[in-house]
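All remarks here apply to the structure that follows.
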2 protein chains.
Amino acid sequence: MDVAAYMAERIPLIDRAIEARLDGLANGDEAIPSALAGAMRHLLFPGGKRLRPVMALAAAEAVGGPAAAALPLGVAVEFVHTYSLIHDDLPCMDDDDLRRGRPTVHKAFDEATAVLAGDALLTEAFAVLADGAEESEASLRLAVVELLSRSSGALGLVGGQVDDLAFEAAGSGSAGTRAARLASIHARKTAALFRASIEGGATLAGADPGKRAALARFAQDVGIGFQIADDLLDADSGEAASILRLQGIDDAKNGAEALLGRALGEIEGWGEAAEPLRALARFAIRRER
Amino acid sequence: MDVAAYMAERIPLIDRAIEARLDGLANGDEAIPSALAGAMRHLLFPGGKRLRPVMALAAAEAVGGPAAAALPLGVAVEFVHTYSLIHDDLPCMDDDDLRRGRPTVHKAFDEATAVLAGDALLTEAFAVLADGAEESEASLRLAVVELLSRSSGALGLVGGQVDDLAFEAAGSGSAGTRAARLASIHARKTAALFRASIEGGATLAGADPGKRAALARFAQDVGIGFQIADDLLDADSGEAASILRLQGIDDAKNGAEALLGRALGEIEGWGEAAEPLRALARFAIRRER
């Protein structure tokens, strides 16, 4: 399975869907303010790896559905991911001037516009999920609204960020306690959105409850493994990577491999259709090592 | 129709539903960070007039449904309204230290917590709408997710706030141009959420498309009239009220009365069931004059 080829084929579908959504807002009958449109686009084009939306599509395929069933969710999770980056970069949070080598949104525009662009992307994520659904799809779409809001809200992404800021500020406690707190933060800041993408993508493709539950566990492990991989890349580049200071690089690598193995075990025997999802899990956890 | 008695009867239903939702987040199996829970509650208890949720309930009744059908939306619109106040008060926006005589959220907590509490309330609004729906309700709930996200997003609340900040910063243009721009801002910052509340409440009660459309027009007029009433109250208290400086107090009062008359015309002949909604419209537009 050539994961790069799979991604190269799927990413344009996602990019076109994101583009169409932003165009509809910026150039519709009631256009949005141009500064807002610009700030919403800023981190989306050029964007990141689109890993979450590609996984949503692959999860739909893994349960026998068409990738296109998960496309609204692909757009929605990329909007939520982007909003979280914009707000995390704000002066009152991580105070970052650069992201992916370009000015952060509050630097390229201003702070108020950055807060509001994040707010708009979060809100539009739910609009995308609700929009254009057939009557017969309504209950699946609504289930995914629930999953995405739970993953993104106080119990998920937002709660994880609150604890992350408190963790950075405190800087004390035993290594064991700190490692446990970091794991809980990563589960909410990173793994929750992987879960919404993967379990949600399969849900939109009509997966049964057993497969949904297996993919929820798969996504949890892949999300944590992805975060460890991120920390290892930061360590290579000399940046602080706090879980590694607590755990050591070899332990982290072994831990990530164990998570990958357990994740792949969840979807063992799912056949060829699940091969892209397996390949993406390996890519997410082993990339550039 | 005693509007005060109607509100006194309905508000406890809404308060209990909001309380139950916040309690579920703060004290569930996976509890949220306590600072986040506190910041999310801060402007909700004690809260405001709960006008939007009461209107959602009254709209459900106006089309022959039970008020309870609109309760999830009542919670959701109060969450969205509260999130918008928290973010509008931030130092990078209106920089307000007080709201309803108490410290704003970024003063009572800190700026990062205020941004995140707003984010969480916005996200939970959609969780409330998705949660606990019967299979048979799914397409109505999804329609309301669409309505609320459209009203709250780049085309509605958020876009209105972006233009409002630009309007305050610019401070130039002819009186006519400025009045037209302010009207467009009020339509998005205020009327859009009234529309989501009222049209959405009726939608959840199973209203037909004709009644939904009439209530959308009703809500638009009531929302603009409510904003004018707010400006008139600010003028009484000596605060700046920009539309009045452009238009004059008598013109504003006449304009608000005309909007009320047109709104009531939209639901003429709807009988006793619509009486609470009529009374709330009068209250919203004529309060304390």
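The values are calculated or read from the model by the stated rules, or taken from the named source; none is laboratory data. Just so you know, these numbers come straight off a predicted model, no measurement behind them. Note that each Cβ is placed from the backbone with ideal geometry, even for glycine, and that neighbours are counted across all protein chains shown.
Which ones in the stretch B:134-152 are among the charged types (D, E, K, R), over 15 Å from residue B:122 (Cα atoms) and assigned to a helix (DSSP H, G or I)?
Residues satisfying the conditions are B:135, B:137, B:141.
Exactly one of (1) surrounded by fewer than 24 Cβ atoms within 10 Å (Cβ to Cβ); (2) closer than 19 Å to residue B:26 by Cα; (3) hydroxyl-bearing (Ser, Thr, Tyr) is unmet by residue B:83. Its number?
Every condition holds for residue B:83 apart from (1).
Return only the number of the condition from (1) at the interface with chain A (Cβ under 9 Å from one of its Cβ atoms); (2) assigned to a loop (DSSP other than H, G, I, E, B); (3) over 23 Å from residue B:63 (Cα atoms) that residue B:165 does not satisfy.
So the condition that residue B:165 fails would be (2).
Take the residues in the stretch B:44-57 that are among the hydrophobic types (A, V, I, L, M, F, W, C) and surrounded by fewer than 24 Cβ atoms within 10 Å (Cβ to Cβ); name whichever of them is farthest from residue B:75 (Cα to Cα).
Per the stated criteria, the residue is B:45.
Kindly provide the set of residues from the stretch A:31-47 that are touching a strand residue (DSSP E or B) at 6+ places or on another chain (Cβ under 9 Å) and closer than 11 Å to residue A:105 by Cα, ordered by number.
Answer for the stretch A:31-47, where residues must be touching a strand residue (DSSP E or B) at 6+ places or on another chain (Cβ under 9 Å) and closer than 11 Å to residue A:105 by Cα: A:42, A:43.
Specify the residue that is farthest from the chain's Cα centre (by Cα); the eligible residues are those in the stretch B:72-110 that are of a type in the set (Gly, Ala, Ser) and modelled with pLDDT of 95 or more.
The extreme case among them is B:108.
Restricting attention to helices (runs of 4 or more DSSP H) lying wholly within the stretch B:174-289, give those where 3 or more residues are surrounded by fewer than 23 Cβ atoms within 10 Å (Cβ to Cβ), among the aromatic types (Phe, Trp, Tyr) and in contact with a Leu (Cβ under 8 Å, 6 or more places away or on another chain).
Of the helices (runs of 4 or more DSSP H) lying wholly inside the stretch B:174-289, none has at least 3 residues that are surrounded by fewer than 23 Cβ atoms within 10 Å (Cβ to Cβ), among the aromatic types (Phe, Trp, Tyr) and in contact with a Leu (Cβ under 8 Å, 6 or more places away or on another chain).
Could you pull out every one of the helices (runs of 4 or more DSSP H) wholly within the stretch B:1-81 that has 1 or more residues that are under 27 Å from residue B:211 (Cβ atoms) and among the basic types (Lys, Arg)?
The qualifying helices (runs of 4 or more DSSP H) are B:3-27, B:51-62.
I'm trying to understand the selection: among the residues of the stretch B:109-123, which are closer than 20 Å to residue B:92 by Cβ, within 7 Å of chain A (Cβ to nearest Cβ) and without any contact (Cβ under 8 Å) to a residue 40 or more places away in the chain?
B:111, B:112, B:115, B:119
Could you tell me how many of the residues in the stretch B:127-138 are at pLDDT below 95 and more than 7 Å from chain A (Cβ to nearest Cβ)?
Within the stretch B:127-138, residues that are at pLDDT below 95 and more than 7 Å from chain A (Cβ to nearest Cβ) number 4.
For the stretch B:111-118, check the following and say yes or no: at least one residue is crowded, with 24+ Cβ neighbours inside 10 Å and under 16 Å from the mean Cα position of the chain (by Cα).
Checked against the condition, which is being crowded, with 24+ Cβ neighbours inside 10 Å and under 16 Å from the mean Cα position of the chain (by Cα), the stretch B:111-118 yields at least one hit.
Since residue A:59 meets every condition but one in (1) touching a Ser or Thr at 6+ places or on another chain (Cβ under 8 Å); (2) farther than 20 Å from residue A:41 by Cα; (3) within 13 Å of another protein chain (Cβ to nearest Cβ), which condition does it not meet?
(3)
As an exercise: evaluate residue B:20 against (1) aliphatic (A, V, I, L, M); (2) surrounded by 18 or more Cβ atoms within 10 Å (Cβ to Cβ); (3) farther than 29 Å from residue B:159 by Cα and give the number of the one condition it does not meet.
Single failed check for residue B:20: (2).
Just to check your reading of the model, which residue among A:277, A:264 is closer than 24 Å to residue A:14 by Cα, modelled with pLDDT of 95 or more and of a type outside the set (D, E, K, R)?
A:277 is the lone residue from the list that is closer than 24 Å to residue A:14 by Cα, modelled with pLDDT of 95 or more and of a type outside the set (D, E, K, R).
List, please: which pairs have Cβ atoms under 9 Å, are six or more places apart or on different chains, and start with a residue in the stretch B:4-16 that is among the hydroxyl-bearing types (Ser, Thr, Tyr) and end with one that is in a helix (DSSP H, G or I) and at pLDDT 95 or above?
Every condition considered, the pairs that remain are B:6/B:54; B:6/B:58; B:6/B:275; B:6/B:276; B:6/B:279; B:6/B:280.
Please tell me if residue B:155 is among the aliphatic types (A, V, I, L, M), in a loop (DSSP other than H, G, I, E, B), within 13 Å of chain A (Cβ to nearest Cβ) and under 24 Å from residue A:137 (Cβ atoms).
It is true that residue B:155 is among the aliphatic types (A, V, I, L, M), in a loop (DSSP other than H, G, I, E, B), within 13 Å of chain A (Cβ to nearest Cβ) and under 24 Å from residue A:137 (Cβ atoms).
A quick yes/no check of all residues on (1) more than 9 Å from every other protein chain (Cβ to nearest Cβ); (2) touching a Gly at 6+ places or on another chain (Cβ under 8 Å):
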site	(1), (2)
A:125	no, no
A:140	no, yes
A:145	no, no
A:170	yes, no
A:173	yes, no
A:180	yes, no
A:183	yes, no
A:192	yes, yes
A:206	yes, yes
